[in-house]
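Colleague: Quick one: the structure is below, questions incoming.
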Amino acid sequence: MLTCKEFLQELNDYLDDTVDVDLKRHLEAHITECPNCWVICDTTKKTIEVYKGMKPQVLPDDVYARLMTALERKLAAKKQQFPSG
C-alpha cells in the first residue's frame, strides 16, 4: 500500500490521468482505504472542475505587481537557503 506522502506526490498525474495502469490501481486502492487522501483527491478534483468552467480574470496592475514582488522575494530567499554550486 502506498503512503499518504507517495499518494500526494502522484496526485497531479492521477487527476490528469497520466499515470500508468499499475500505479493508478495502487493510487485508487489507497484512496479507498484512506479517508484523508480521498477527501483531498475529491476536493482537488472538484476545485479543478470549478476553475475549468470559469473565464480567465485579469489581475489589477497593483495586485499583479505585489504578487510578482512577493514571488521574487520568496525565490531570492530560497536561493539564499539553498545556493547552487
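Colleague: Which of the residues belonging to segment 1-45 are open to solvent by less than 50 Å² (accessible area, probe 1.4 Å), part of a helix (DSSP H, G or I) and of a type in the set (Val, Ile, Thr)?
Modeller: Restricting attention to segment 1-45, the residues satisfying the condition of being open to solvent by less than 50 Å² (accessible area, probe 1.4 Å) are 2, 7, 11, 14-15, 19, 23, 27, 29-31, 34, 37, 41-42, 44.
Next cut, part of a helix (DSSP H, G or I) only: 7, 11, 14-15, 23, 27, 29-31, 37, 41-42, 44.
Within segment 1-45, Ile31, Thr44 qualify.
Colleague: Looking for something surrounded by 10 or more Cβ atoms within 10 Å (Cβ to Cβ), modelled with pLDDT under 95 and over 19 Å from the mean Cα position of the chain (by Cα) - is there at least one such residue anywhere in segment 53-61? Quick ask: steps written out before the conclusion?
Modeller: Taking segment 53-61 as the starting set, the residues that turn out to be surrounded by 10 or more Cβ atoms within 10 Å (Cβ to Cβ) are 59.
Narrowing further to those that are modelled with pLDDT under 95: 59.
Those still in the list that are over 19 Å from the mean Cα position of the chain (by Cα) too: 59.
Yes, segment 53-61 contains a residue that is surrounded by 10 or more Cβ atoms within 10 Å (Cβ to Cβ), modelled with pLDDT under 95 and over 19 Å from the mean Cα position of the chain (by Cα).
Colleague: Does Lys52 satisfy the condition of being free of Cβ contacts under 8 Å to residues at least 60 places away in the same chain, in contact with a helix residue (DSSP H, G or I) (Cβ under 8 Å, 6 or more places away or on another chain) and charged (D, E, K, R)?
Modeller: Judged against the criteria, Lys52 is not a match.
Colleague: Another question about this same structure. List the number of the failed condition for Asp17; all other conditions in (1) at positive phi; (2) at pLDDT 95 or above hold.
Modeller: For Asp17, the failing item is (2).
The values are calculated or read from the model by the stated rules, or taken from the named source; none is laboratory data. Note that this is a predicted model, so its numbers are computed, not measured. Cβ sites come from the backbone with ideal geometry, for glycine too, and all protein chains shown count toward neighbours. In case anyone asks, the SASA skips ligands and DNA or RNA and just uses the protein heavy atoms, side chains included. Shrake-Rupley method; radii C 1.70, N 1.55, O 1.52, S 1.80 Å.
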